[in-house]
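For reference, the structure is listed below as structure tokens.
The values are calculated or read from the model by the stated rules, or taken from the named source; none is laboratory data. Only a predicted model underlies this, so the values are computations on that prediction, with no experimental measurement involved. Backbone-built Cβ (ideal geometry, glycine too); neighbour counts: all protein chains shown.
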Amino acid sequence: MSQQNPKNDPVQIKNKLAPCGLDCSKCYAFVDGDIKNLSNRLKDSLGNFDVYAERFAEILDGDIFRKYPDFKELLAYFATVDCSGCRNEKCKIFKDCKVRECFEKKGVDFCFQCSDFPCNDTGFDEHLQKRFVAINNRMKEIGVEEYYAEVKDKGRY
């Protein structure tokens, strides 16, 4: 008897993929995602790099190091975001997203399972709407587990 890989477990996959199909675990805002974890590691590794960035800007004639304060601010943001995923709370990125309310009301796991899919009542901008439709069409075509296998090692953005 073969044991199922926990990373391919349908329940785990559903907990990672939002109802719209985006992978919450790869979002910059996800509480235990790679972006947050790697940002914290980079912050720790850089330590007090501020002093060196100033010095490098002068002695290396490195204008890029003058941008370090902006980079540090963005890195700190990535290191502190704390979204637990769209299945657990309202999306913290797409403030106008209506998918969570809809999937709770309709009782489906993913939008493609809804009789109204594809709909235009998502609250997404044009770019995200196209991506949402493509993702859900792909999940409908090959199944959620196969879709996840296709995208699990790719970046979200």
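The table below lists the values:
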read-out: Leading residue by the ranking (surrounded by the fewest Cβ atoms within 10 Å (Cβ to Cβ)) among those in the stretch 18-53 that are acidic (Asp, Glu) and either within 23 Å of Cys86 (Cα to Cα) or touching a residue at least 12 places away in the same chain (Cβ under 8 Å) (or both); value: Asp32
read-out: Residue within the stretch 66-87 that is modelled with pLDDT under 90, more than 20 Å from Asn136 (Cβ to Cβ) and surrounded by fewer than 17 Cβ atoms within 10 Å (Cβ to Cβ) present; value: yes
read-out: Residue match in the stretch 103-110 (condition: modelled with pLDDT under 95, in a helix (DSSP H, G or I) and not assigned by TED's automatic domain parsing to the domain that holds Val11); value: no
read-out: In the stretch 112-138, the residues that are outside any helix (DSSP H, G or I) and farther than 19 Å from Lys92 by Cβ; value: Cys114, Ser115, Asp116, Phe117, Pro118, Cys119, Asn120, Asp121
read-out: The stretch 29-49, residues that are aromatic (Phe, Trp, Tyr) and touching a strand residue (DSSP E or B) at 6+ places or on another chain (Cβ under 9 Å); value: Phe30
read-out: Pair list, Cβ < 6 Å and 6+ apart or interchain, from the stretch 127-143 residues that are assigned by TED's automatic domain parsing to the domain that holds Phe110 and without any contact (Cβ under 8 Å) to a residue 24 or more places away in the chain to residues that are assigned to a helix (DSSP H, G or I) and basic (Lys, Arg); value: none
